[in-house]
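In what follows, a structure is listed as structure tokens, so that the remarks can point back to it.
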Amino acid sequence: SSETFWTTTGMFPQEFIIGFPKCVKISKVAIQCYLVRTLRIERSISKDPVDFEQCIEKDLQHTEGQLQMEEFPLPEFPATYLRFIIKSAFDHFVSVHRVMAEGT
């Protein structure tokens, strides 16, 4: 819903995990966020959200007053969980408005 978002609590790093009902192959991840400076995405293929490995880490561009929209094309890799780690920010609080994963 465009009416909802997740916000940090003020200290970094902050993280959230998205789980899939079964292991899927992901080819692209997109995120809409605000004031995120450094973002890392990790994956796990375990039955539980453990044993994560890094997929990508990127410094995002500062976009004053508007959402940051980033796409991360990835080689098709299996994942049961994705962990998003906001390592640093342009302000004390950031928000995540949408996360999309494409694949099979």
Among Ser88, Ser2, the single one that is part of a strand (DSSP E or B), farther than 20 Å from Thr104 by Cβ and among the small types (Gly, Ala, Ser) is Ser88
Exactly one of Val99, Val50, Val29 is aliphatic (A, V, I, L, M) and not in a strand (DSSP E or B), and that one is Val50
Those residues of the stretch 59-80 which are more than 11 Å from the chain's Cα centre (by Cα) and assigned to a strand (DSSP E or B) amount to Asp59, Gln68, Met69, Pro73, Leu74, Pro75, Glu76, Phe77, Pro78, Ala79, Thr80
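Here, each number is a calculation from the coordinates, and none is a lab measurement. Every value quoted in this text rests on a predicted model; they were computed, and no experiment measured them. Because the Cβ atoms are built from the backbone with ideal geometry, glycine has one as well, and the counts that use them run over all protein chains shown.
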